[in-house]
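Undergrad: Below you will find the structure I want to go over with you.
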Amino acid sequence: MHRVLVIEDDSMVGEMSMMHLSEEGYNVRRAVNGKEGLQLLTEFAPDLVIMDIVLPDINGKDLCKDFRRTSLVPILAVSMKTEVLDRIDALTAGADDYLCKPFSMRELTARVAAMIRRTEMNSAETMIKSDPVSVPAPLQGEGKDPVTLDYDRRSIFVNHTFVETTYSEFELMKLLVNNKEKVFSRDQLINTLRGIDSFVNDRSIDVHIANLRKKIEKDPKEPQFIKTVWGIGYKYVTNS
């Protein structure tokens, strides 16, 4: 049974969300503030988090960042804020999808099912790999790729150092690394995240890429790995 953590201070929305998700077969726990949410992240170990961006004790975007320091769990942000910039801010902070209030419980459960289904699909891909990538030995000399992906743990290492990424960032990086030198249009990258981020668009792709560059590039303003192909999209390059 999949575990879903709902962080929601609005009692009506919180209780309705729990009821409908429970009816769909999920094991659901609710936190009424950010502090309790952080505690349940450790104690409950959810497979997915539904997080209100406006909480009584902490800004939800800051809470997303706190979650991302210790966990890669998929996060569905919910909020009364409907502006595009609000959605982009949430994605930048570490959320994987965004749902505007008021929303139907049917849509909520559909979003949750889609995000969990995508997680399971990626786990299945890992299982069928004959030689999954593990934490590499330190790479020596030029001509070696310093960026390594560990599919089992959905982790990225740069020069043998672990780099924290969101679910969506890992998916993009996996696509780019597995197709070195191939140019991907923004539309192709958007399709990669369908089912994870329902609001994904050109702007949010650029945000994800900018975040990845900050995490893996020595100088994000002069990227060596994730290159922009002007007028088209992005590609991943190495000296290997």
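Here, each number is a calculation from the coordinates, and none is a lab measurement. Quick caveat, the model's predicted, so the values are computed rather than measured. So basically every Cβ, Gly included, is an ideal-geometry build from the backbone, and we count neighbours across all protein chains shown.
Undergrad: Sort S17, S71 so that the residue with the fewest other Cβ atoms within 10 Å of its own Cβ comes first and the one with the most comes last.
TA: Least to most surrounded, the residues fall as S71, S17.
Undergrad: Where in region 1-78 are there GluC sites (Glu not before Pro) that are in a DSSP coil and have at most 13 other Cβ atoms within 10 angstrom of their Cβ?
TA: none
Undergrad: Follow-up. Tell me which trypsin sites (Lys or Arg not before Pro) from region 26-72 have a DSSP coil assignment and no more than 12 other beta carbons within 10 Å of their own.
TA: R69
Undergrad: Run the reach check for K182 against lysines, Cα to Cα strictly under 17 Å, same-chain hits fewer than 8 apart removed. What comes back?
TA: Counting by Cα, and skipping residues close in sequence, K182 has these lysines nearby: K174, K227, K235.
Undergrad: Under 17 Å between alpha carbons, and skipping anything fewer than 8 positions from K101 in its own chain: which lysines qualify?
TA: Here the lysines satisfying the reach criterion relative to K101 are K61, K81.
Undergrad: Show me 106-114, 91-99 ranked by packing, highest mean number of other Cβ atoms within 10 Å first.
TA: Going by the mean number of other Cβ atoms within 10 Å, highest first, we get 91-99, 106-114.
Undergrad: While we're here: Multiplying the sequence separation of V183 and I232 by 0.36 nm and subtracting their Cα-Cα distance, what value in nm do you get?
TA: Contour length minus Cα-Cα distance gives 16.9 nm.
Undergrad: Using only Cα atoms and rounding to the nearest 10 degrees, what angle (0 to 90) does helix 84-93 make with the longest principal axis of the chain?
TA: 70
Undergrad: On a 0 to 90° scale, report how tilted helix 167-177 is relative to the longest principal axis of the chain, with both axes built from alpha carbons and the result rounded to the nearest 10.
TA: Computed tilt is about 20 degrees.
Undergrad: List the aspartates and glutamates whose Cα lies under 18 Å from the Cα of K221, skipping any in the same chain that are fewer than 8 positions away.
TA: In chain and number order, the partners are D206.
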